[in-house]
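In what follows, a structure is listed as structure tokens, so that the remarks can point back to it.
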Amino acid sequence: GLAARLQDTLTKIRGKGKVSEQDIKEMMREVRLALLEADVNFKVVKQFIANVKEKALGQEVMKSLTPGQQVIKVVNEELTALMGAEQSKIAVAQKPPTVVMMVGLQGAGKTTTTAKLANHLRKKHNRKPLLVACDVYRPAAIQQLETLGKQLNMPVFSKGTDANPVDIAKEAVAAAKAEHHDYVLIDTAGRLHVDETLMAELQDMKAAVTPDEILLVVDSMTGQDAVNVAESFNNQLDVTGAVLTKLDGDTRGGAAISIKAVTNTPIKFAGMGEKIDQLEPFHPDRMASRILGMGDVLSLIEKAQANVDEEKAKELEKKLRNMDFTFDDFLEQLDQVKSMGPLEDLLGMMPGMNKAKGMKNLKVDEKQLTRVEAIVKSMTPLEKRDPSVINGSRRKRIAKGSGTTIQDVNRLLKQFEDMKKMMKQMTAMQGGKGKKRGKG
Ligand code: GDP
Ligand code: MG
């Protein structure tokens, strides 16, 4: 699977100080496959990969992230941006009623979504919608909307199967005005495939009722075909937004990206089930992690970012530049790591670590952290600032004071020296560059 492949690449990159062009190339190959597997259109994928490569290469690696995580972060951000900002607003006409046409292929979820939207408008915005049954081709369709209307205790405007859909729509708008409905939600007919007769009818309807909003309803299971569907509907009708249905299923959701790329209109809502209240605002960020199949990694990254105090990071950096990083700072760092939650949870969220969690020898030793903390706390202020003054007898005392062994103390002192050396190299490397850091 994709997640596994990305994890392999991530593992390779983890631990490196910098992301090389080759690393990015490797990761991008996996991301590319992931997007194609999720049925994102290949042209869209190509453009996307080019964008990400450029962004990822130019970035400095944040202290709180590994280079691999940082690349994933960029991928996620770009993917989110590609789907647009969260935008679950429905147009409001200056003069009511606001007219909304629901369009899309047969079975996409138009009728269901019409009812869901009516419910949403009433519940969240205190509106009074009129539902309109314009799918006259299937007798059951009118009945379906009427049933939903009853369930919602909302009126449904219908004229049976002999009436002309364009006329029905026109009459419905007039009726809505007379009865002071502020929204008119028109459920239209669909076809199994895009066809000219249907498009012509929808165009006539559009001309007759000048809708404020034309929502394209798309089944998220639609794969590569979503591009064609979105393109046809948009070319003929200039849709103003989309609703992605059946996201409660196991779709990877590549359709979301195609729709946005092709129509350049926001995906406003997501259908999350068959029930009337299962309509949610569309969250581009959640969709991005779904497509990448890396929700856990992303939440780990978020957590790590949220926990790095910018001010402290700056202070630390200054100290590093002057090379007076002390064991006190070290303790503070430990606290920050701890504030992210149990280490085991954090590691559990990392790719590849889920499986590792079950293996005893790879289990995170929280006791080790506590030991380290105890050792540092047993040092004098001077020793914390300059551990080189800690001689043999002091090592013994510190071990005793912290309930550890002299080997534990030696190991920590060695690690601290190594860390300092590494940091020195890092600061030397960053020395010339500007100090952009943080938000990325
Ligand atoms: P229409 O032909 O476009 O009007 O589609 P319908 O509204 O009749 O929906 C077709 C089928 O998809 C019905 O069985 C709906 O219950 C189902 N459906 C619609 N939206 C969703 C959704 O968000 N999740 C799930 N699981 N099913 C949905
Ligand atoms: Mg229908």
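The values are calculated or read from the model by the stated rules, or taken from the named source; none is laboratory data. Being a predicted model, the structure only gives us computed values, none of them experimental. When we count neighbours, we look across all protein chains shown, and the Cβ atoms used for this are built from the backbone with ideal geometry, even at glycine. Areas reflect the complete protein model, heavy atoms only, side chains present, ligands, DNA and RNA absent. Shrake-Rupley method; radii C 1.70, N 1.55, O 1.52, S 1.80 Å.
Can you find, within region 168-201, the residue that is nearest to ligand 2 (Cβ to nearest atom) among those that are part of a helix (DSSP H, G or I) and open to solvent by 50 Å² or more (accessible area, probe 1.4 Å)? Steps first, please.
Taking region 168-201 and keeping what is part of a helix (DSSP H, G or I), we get 168-178, 196-201.
After this cut, where a residue has to be open to solvent by 50 Å² or more (accessible area, probe 1.4 Å) as well, the list is 170-171, 174, 177-178, 196-197.
Working: Lys170: 20, Glu171: 19, Ala174: 23, Lys177: 25, Ala178: 26, Glu196: 20, Thr197: 17 Å.
Top of the filtered list is Thr197.
Test of understanding: among Pro155, Pro165, which residue is open to solvent by 50 Å² or more (accessible area, probe 1.4 Å), farther than 30 Å from Val40 by Cα and more than 34 Å from the chain's Cα centre (by Cα)? Even if it seems obvious, please write down each step before you answer.
Working: Pro165 fails: open to solvent by 50 Å² or more (accessible area, probe 1.4 Å).
After applying the criteria, what remains is Pro155.
Hey, among the residues in region 222-266 that are within 15 Å of ligand 1 (Cβ to nearest atom) and among the hydroxyl-bearing types (Ser, Thr, Tyr), which one's surrounded by the most Cβ atoms within 10 Å (Cβ to Cβ)?
It comes out as Thr245.
Among the residues of region 170-198, count how many are among the hydrophobic types (A, V, I, L, M, F, W, C) and either more than 16 Å from ligand 1 (Cβ to nearest atom) or under 10 Å from Asp135 (Cα atoms) (or both).
As a first pass, look at region 170-198 and keep what is among the hydrophobic types (A, V, I, L, M, F, W, C): 172-176, 178, 184-186, 189, 192, 194, 198.
From the residues that got through so far, the ones that are either more than 16 Å from ligand 1 (Cβ to nearest atom) or under 10 Å from Asp135 (Cα atoms) (or both) too are 172-176, 178, 184, 186, 189.
Of the residues in that region, 9 qualify.
Which number in (1) touching a helix residue (DSSP H, G or I) at 6+ places or on another chain (Cβ under 6 Å); (2) under 17 Å from Ser88 (Cα atoms); (3) surrounded by fewer than 19 Cβ atoms within 10 Å (Cβ to Cβ) marks the one condition that Asp204 misses?
Every condition holds for Asp204 apart from (2).
Filter region 120-140 down to the residues that are more than 22 Å from Leu105 (Cα to Cα) and among the charged types (D, E, K, R), then identify the one that is modelled with the lowest pLDDT. Let's see the steps before the verdict.
Within region 120-140, the first condition is being more than 22 Å from Leu105 (Cα to Cα), and the residues that meet it are 120-130.
Next cut, among the charged types (D, E, K, R) only: 122-124, 127-128.
Numbers: Arg122: 96, Lys123: 93, Lys124: 90, Arg127: 96, Lys128: 97.
The selected residue is Lys124.
From the list Ala108, Ala115, pick out the single residue that is within 16 Å of ligand 2 (Cβ to nearest atom) and in a helix (DSSP H, G or I). Spell out the reasoning first.
On the way: Ala108 fails: in a helix (DSSP H, G or I).
When all the criteria are applied, what remains is Ala115.
Against the definition (of a type outside the set (A, V, I, L, M, F, W, C), at pLDDT below 80, open to solvent by 60 Å² or more (accessible area, probe 1.4 Å) and over 30 Å from Ser289 (Cβ atoms)), how does Asn361 come out, yes or no? Before you say what the answer is, go through the steps one by one.
Numbers: of a type outside the set (A, V, I, L, M, F, W, C): yes; at pLDDT below 80: yes; open to solvent by 60 Å² or more (accessible area, probe 1.4 Å): yes; over 30 Å from Ser289 (Cβ atoms): yes.
It is true that Asn361 is of a type outside the set (A, V, I, L, M, F, W, C), at pLDDT below 80, open to solvent by 60 Å² or more (accessible area, probe 1.4 Å) and over 30 Å from Ser289 (Cβ atoms).
Between a residue in region 206-227 that is farther than 18 Å from Ala261 by Cβ and any residue that is part of a loop (DSSP other than H, G, I, E, B) and open to solvent by 60 Å² or more (accessible area, probe 1.4 Å), which pairs come within a Cβ distance under 6 Å, given they are 6 or more apart or on different chains?
Met221/Lys246
Of the residues in region 94-103, how many are more than 27 Å from Val229 (Cβ to Cβ) and either out of contact with any Phe, Trp or Tyr (no Cβ under 9 Å at 6 or more places or on another chain) or within 13 Å of ligand 1 (Cβ to nearest atom) (or both)? Even if it seems obvious, please write down each step before you answer.
In the first step, residues of region 94-103 are kept if they are more than 27 Å from Val229 (Cβ to Cβ); the result is 94-97.
From what's left, either out of contact with any Phe, Trp or Tyr (no Cβ under 9 Å at 6 or more places or on another chain) or within 13 Å of ligand 1 (Cβ to nearest atom) (or both): 94-95.
Number satisfying all stated conditions: 2.
For region 375-385, which residues satisfy the criterion of being open to solvent by 60 Å² or more (accessible area, probe 1.4 Å) and either without any contact (Cβ under 8 Å) to a residue 60 or more places away in the chain or more than 46 Å from the chain's Cα centre (by Cα) (or both)?
Scanning region 375-385 gives Lys377, Pro381, Leu382.
Give the residues of region 104-139 that are open to solvent by less than 50 Å² (accessible area, probe 1.4 Å) and more than 9 Å from ligand 1 (Cβ to nearest atom), sorted by residue number.
Residues satisfying the conditions are Leu117, Ala118, Asn119, His120, Leu121, Pro129, Leu130, Leu131, Val132, Ala133, Cys134, Val136.
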